[in-house]
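Below: one structure, written as structure tokens.
The values are calculated or read from the model by the stated rules, or taken from the named source; none is laboratory data. All values reported here derive from a predicted model rather than from experimental measurement. As a convention, Cβ positions derive from the backbone with ideal geometry for all residues, glycine included, and neighbour counts pool all protein chains shown. Protein only, heavy atoms only, side chains kept; ligands, DNA and RNA dropped before computing areas. Shrake-Rupley method; radii C 1.70, N 1.55, O 1.52, S 1.80 Å.
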Amino acid sequence: LAAARLGRVAAARAAAKRSVSSCAPALSPWAHLPMGPPDPILGLSEAFQKDTDAKKINLGVGAYRGDDSKPYVLPSVREAERRVLLKEYNKEYAGIVGVKEFNDLAVKFAYGEGSDVYDRLATVQSLSGTGACRVVGQLLARFGWSSIYLPNPTWGNHIPIMADAGLEVKKYRYYKPETCGLDFEGLCEDVEV
């Protein structure tokens, strides 16, 4: 009797295990989400990793590389890291717009010391370039913008980021291959109202 009961318990456990494992993907809150399209730029890095040619050279994104094909950290970057560590910053929460000193220095770097644009700027520190695109896209959509112009060409992720924020993406020309310079006429035609 005890053996039969143990057999039934084991069979019930096995059936329950099969039932749970067969529906496990459906239990995941992520199971219904489709895979996004591959990033063509990151795809270059993936293709590079898979390539077995000993003479391959990675001309993709992300880092300078040494003769060993490993990322090479510039001495200036190492020095900047050292200086940051020596400052022993307090790691305080930066607040909603970031670190004011960083923002002020970024504006001076971008526009020059004493520029006349300071009083027309709002500066926010963001988590990354992609993160900044998403935040500004969402901000614009929330406060009434319905479209945004992006340069053509642009990074592959910029168009879906803005579209996902609810903006219609329009493109403008800016690069002229014949001159390796600005396509000023094309830019003006594309953004003419």
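The accessible-area ordering, largest first, of the residues Thr154, Thr179 stands as Thr179, Thr154, per a 1.4 angstrom probe.
Here the relative contact order of the stretch 23-163, from alpha carbon pairs under 8 Å that lie six or more residues apart, stands at 16 percent. Placing unit charges on the Cβ atoms of the charged side chains and taking the dipole of the stretch 62-193 about its Cα centre, the candidate lying farthest along the positive direction among Tyr89, Asn152, Ala110 is Tyr89.
For the stretch 147-193, which GluC sites (Glu not before Pro) are both in a DSSP coil and crowded by at most 15 other Cβ atoms within 10 Å?
On the way: sites: Glu168, Glu178, Glu185, Glu189, Glu192; in loops: Glu178, Glu192.
Answer in residue order: Glu178, Glu192.
For the stretch 63-193, the calculated P(r), taken from all Cα-Cα distances in 5 Å bins from zero up to the bin holding the longest distance, is 2, 8, 11, 12, 16, 19, 15, 10, 6, 2, 0 percent. Taking only the C-alpha atoms of the stretch 134-193, Rg followed by Dmax gives 12.8, 40 Å.
Restricting the stretch 42-129 to trypsin sites (Lys or Arg not before Pro) that sit in a DSSP loop and have at most 10 other Cβ atoms within 10 Å of their own Cβ leaves Lys55, Lys91.
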